[in-house]
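Below you'll find the structure, written out as structure tokens, and then a few comments.
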Amino acid sequence: MKKGVIRPLVICLFRNNNSILVAEGYDTVSKEYFYRPIGGGIEYGELSSDALVREIQEEIKTSITNLEYLGTIENIFTYNGEIGHEVVMVYDATFVDSSLYKTSIFEGEEDDGTLFKLLWKPVSDFQNGKLRLVPEKLLGFF
């Protein structure tokens, strides 16, 4: 997150029955866990759909298909005490490797080598406030 910069992102609501695939995050200032669908930054001159395919390949070493654009969210938020601003393109897609739908927890890897945990979480856990989904406006897609 760069201070004073609006960041273009793309994320995907991979669905598995009544669950979605999310990465678990932790805010060290608020001391709260949150969950976010995977994806990443859109590079200059890159279509959001191409960025999503690239990010999924880089982060979890797998291919996706059946991309469907769902909408865009403008997200202004606070993370670790800093204000962030992003424009998020939201997609639905399908993993080519169907075994990922049977794996309840697995790892992804950021560009810098940082590992993160991926989990299938019931949409109802976000709708009833048990877990926090970010960006919060994603709840409008269900």
Reciprocal mean inverse distance between Cα atoms of the chain - Kirkwood radius, Å: 15.5
Charge dipole magnitude, Cβ of K and R +1, D and E -1 - the chain, Cα centre, debye nearest 20: 500
Spin-label pair Asn18/Leu139, simplified geometry with 7 Å Cα→Cβ offset, distance in nm: 1.7
Beta bridge orientation in the stretch 6-141: antiparallel %, DSSP, nearest 5: 80
Within the chain, helix-based [θ] at 222 nm, where runs of 4 or more DSSP H residues each add -39,500 (n - 2.57), nearest 500: -3500 deg cm²/dmol
Trypsin sites (Lys or Arg not before Pro) within the stretch 1-95, DSSP loop, no more than 14 other Cβ atoms inside 10 Å: Lys2, Lys3, Lys31, Lys61
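The numbers here are math on the coordinates, done by the rules we state, and not lab data. All of these numbers come straight from a predicted model, not from anything done at the bench. A quick note on method: Cβ atoms are made from the backbone with ideal geometry, for glycine too, and the neighbour counts reach across all protein chains shown.
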